[in-house]
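Below: one structure, written as structure tokens.
The values are calculated or read from the model by the stated rules, or taken from the named source; none is laboratory data. Quick caveat: nothing in here was measured; it's all calculated off a predicted structure. So basically every Cβ, Gly included, is an ideal-geometry build from the backbone, and we count neighbours across all protein chains shown. Note: accessible area is taken over every heavy atom of the protein model, side chains too, but ligands, DNA and RNA are not part of it. Shrake-Rupley method; radii C 1.70, N 1.55, O 1.52, S 1.80 Å.
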Amino acid sequence: AGRWGGRMGFIEWLVVAWGLSMDAFAVAVCKGLSVQKLRWKHYLAVGLWFGGFQALMPMVGYLLGTTFEKYITSVDHWVAFVLLCLIGGNMLKEGLSRDEEREGQAENVSFGFKAMLMLAVATSIDALAVGITFALLPDVDIFSAVGLIGCTTFCLSVLGLKVGNIFGLKYKSKAEVAGGIILILMGLKILLEHLGVINF
């Protein structure tokens, strides 16, 4: 994020939006794995939650600017790590459980307010840091930027949900276990990157 400078064109903004939405896409795939039959409300929930937060967080970061940068960047990776591990661990437990009734209940609440809020926050932490970077760049049209980021994330999240559902229908339990592992690994990756242990 710190390498960006000067004026950014539409293609560059699109690349940023695409990069930021990848976590949301991966999580949407995991959500799709655990749903037997997708309805329009599932698509709307994933698209609006992830797209909305990916647009909201850069705006918040932009408004905060550099005032609280050091405080935010010191804890953001821990927040993402803990949230993704909690959600991933829960998916693992559901995937390993043989209780079909329990799996059905988990399926119904997985798109509830609490679950979606946690996922939306966890996948948009990086966007908050990017928003702080926007405040340092000259001539940034923040409304156009967050609009593009939000729309890109909405579309990719909806696509991810469908992709996950196609694969998950055949191998539901195994897919949920895989999805849980992916989320935990994503959280670990975010943590290790911020701690400087790895650098992708």
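Going by what's in this entry, would residue 3 be described as modelled with pLDDT under 75 and over 14 Å from the mean Cα position of the chain (by Cα)? If you could, list the steps in order and put the result at the bottom.
Numbers: modelled with pLDDT under 75: yes; over 14 Å from the mean Cα position of the chain (by Cα): yes.
Taking the combined requirement at face value, the residue satisfies it.
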Unique residue being farther than 23 Å from residue 179 by Cα, surrounded by 14 or more Cβ atoms within 10 Å (Cβ to Cβ) and either at pLDDT 85 or above or out of contact with any helix residue (DSSP H, G or I) (no Cβ under 9 Å at 6 or more places or on another chain) (or both) when the list is 63, 48, 38, 56: 56
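Residue by residue, here is whether (1) in contact with a helix residue (DSSP H, G or I) (Cβ under 6 Å, 6 or more places away or on another chain); (2) open to solvent by 40 Å² or more (accessible area, probe 1.4 Å); (3) modelled with pLDDT under 90; (4) of a type outside the set (S, T, N, Q) holds:
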site: 137; (1), (2), (3), (4): no, no, yes, yes
site: 141; (1), (2), (3), (4): no, yes, yes, yes
site: 151; (1), (2), (3), (4): no, yes, no, yes
site: 156; (1), (2), (3), (4): yes, no, no, yes
site: 160; (1), (2), (3), (4): yes, no, no, yes
site: 163; (1), (2), (3), (4): yes, yes, no, yes
site: 166; (1), (2), (3), (4): no, yes, yes, yes
site: 170; (1), (2), (3), (4): no, yes, yes, yes
site: 173; (1), (2), (3), (4): yes, yes, yes, no
